[in-house]
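J.: The structure follows.
The values are calculated or read from the model by the stated rules, or taken from the named source; none is laboratory data. Predicted model, so just to flag it, every value in this text is computed and none were measured. Every residue, glycine as well, gets a Cβ built from its backbone with ideal geometry; the counts of neighbours run over all protein chains shown. Surface areas here come from the heavy atoms of the whole protein model, side chains and all, with no ligands, DNA or RNA. Shrake-Rupley method; radii C 1.70, N 1.55, O 1.52, S 1.80 Å.
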Amino acid sequence: MSTATTKTELDDVVLAAPDKERLSALLVGLDRPSRPSALSASLTFGWRAMLKIKHVPEQLFDVTAFPIMLVLMYTYLFGGALAGSTQEYIQFLLPGILVMSVIMITMYTGVSVNTDITKGVFDRFRTLPIWRPAPMVGYLLGDVLRYVLASVVMLTVGMIIGFRPGGGVLGVLAGVALLLVFSFAFSWIWTMFGLLLRTEKSVMGVSMMVIFPLTFLSNVFVDPQTMPGWLQAFVNNSPITHLATAVRELMAGNWPAADLAWSLGWAGVIMVVFGFVTMRLYNRK
């Protein structure tokens, strides 16, 4: 039967044929839907990631209670000792600990990827006529919502206990936007580990081994000038240090051109390198 078959002729064939033949007549007689664009497919998978949060709201613990605990604990435990008062320390601490918290949250992207592989969902994704990277990009887009929520929670708590950004609303938005761009790129590291490692526990274990040294060996909590020379050399060139400094300065109302360039440069390199490796592993999986 040709694609030019009229609806009336098609209905006559469907009514007169057995069930399997009816299905064949429908498939042949009707045009196939157009292939979704790369953007449409990526947004669809991003929406899927957000729906998983809706059905399992306990996943939001790490972007609500955990950031609040970090802000309060570090401010009131170390503020007086490190800066003389909690009011002064929160001005320095909050942008840095915001960077640390959101970067730590990125590892759950790899966990989600690994969980879907274990359940066999990825086998279905690979058979779909869609843009190949769409499932991966969808994971990252869905997790951007978690980053935004964590940022809002931490900034709200910070404002309550005394944080006052000199850059106003625009400075805060610029700092958060930079953090979201970097976190999106940084998440590609964990998608690679999600494809490479066998279990979600191993993904979390490796992620923590990378994230903890990288975030603590930075200027998130203190100025690196008091550190030993060999440690300063590492800290001053860390991507987390450049990011924390850029976010801190943007929220203070300044324009940190060098740290901004370094942060975006690191984000670009990470996304290109680990995005390429991730897609190679995904195509061979």
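J.: Test of understanding: among I270, I211, which residue is in contact (Cβ under 8 Å) with a residue 60 or more places away in the chain, surrounded by 12 or more Cβ atoms within 10 Å (Cβ to Cβ), hydrophobic (A, V, I, L, M, F, W, C) and under 28 Å from L170 (Cα atoms)?
T.: Every option except I270 fails the conditions.
J.: I would also like to ask the following. Any idea which residue in the stretch 184-205 is surrounded by the fewest Cβ atoms within 10 Å (Cβ to Cβ), counting only those that are over 23 Å from G96 (Cα atoms) and in contact with a Leu (Cβ under 7 Å, 6 or more places away or on another chain)?
T.: Checking each candidate, the answer is L196.
J.: Find all pairs meeting these conditions: Cβ atoms under 9 angstrom apart; at least six residues apart or on different chains; first residue within the stretch 105-128 and under 14 Å from E200 (Cβ atoms) and without any contact (Cβ under 8 Å) to a residue 12 or more places away in the chain; second residue β-branched (V, I, T) and open to solvent by less than 40 Å² (accessible area, probe 1.4 Å).
T.: If the second residue must be β-branched (V, I, T) and open to solvent by less than 40 Å² (accessible area, probe 1.4 Å), the pairs left are V121/T115.
J.: Considering (1) buried (at least 18 other Cβ atoms within 10 Å of the Cβ); (2) under 17 Å from V273 (Cα atoms); (3) of a type in the set (V, I, T), say which one V181 fails and leave the rest.
T.: (1)
J.: Scan the stretch 244-252 and tell me whether some residue there is in contact with a helix residue (DSSP H, G or I) (Cβ under 9 Å, 6 or more places away or on another chain), open to solvent by 30 Å² or more (accessible area, probe 1.4 Å), more than 28 Å from F193 (Cα to Cα) and outside any helix (DSSP H, G or I).
T.: Checking the stretch 244-252: at least one residue is in contact with a helix residue (DSSP H, G or I) (Cβ under 9 Å, 6 or more places away or on another chain), open to solvent by 30 Å² or more (accessible area, probe 1.4 Å), more than 28 Å from F193 (Cα to Cα) and outside any helix (DSSP H, G or I).
J.: Only one of these is touching a residue at least 12 places away in the same chain (Cβ under 8 Å) and of a type in the set (A, V, I, L, M): L98, L77. Name it.
T.: Working: L77 fails: touching a residue at least 12 places away in the same chain (Cβ under 8 Å).
It is L98.
J.: Next question, about the same structure. With respect to A134, determine if the residue is crowded, with 17+ Cβ neighbours inside 10 Å, of a type in the set (G, A, S) and under 21 Å from H242 (Cα atoms). Walk me through how you get there before you give the answer.
T.: Working: crowded, with 17+ Cβ neighbours inside 10 Å: yes; of a type in the set (G, A, S): yes; under 21 Å from H242 (Cα atoms): no.
No; evaluated as a whole, the condition is false for this residue.
J.: Output the qualifying pairs, or none if there are none: Cβ atoms under 8 angstrom, residues six or more apart or on different chains, first residue in the stretch 168-180 and touching a residue at least 24 places away in the same chain (Cβ under 8 Å), second residue among the charged types (D, E, K, R) and crowded, with 20+ Cβ neighbours inside 10 Å.
T.: That search, which allows pairs on different chains as well, returns G175/R248.
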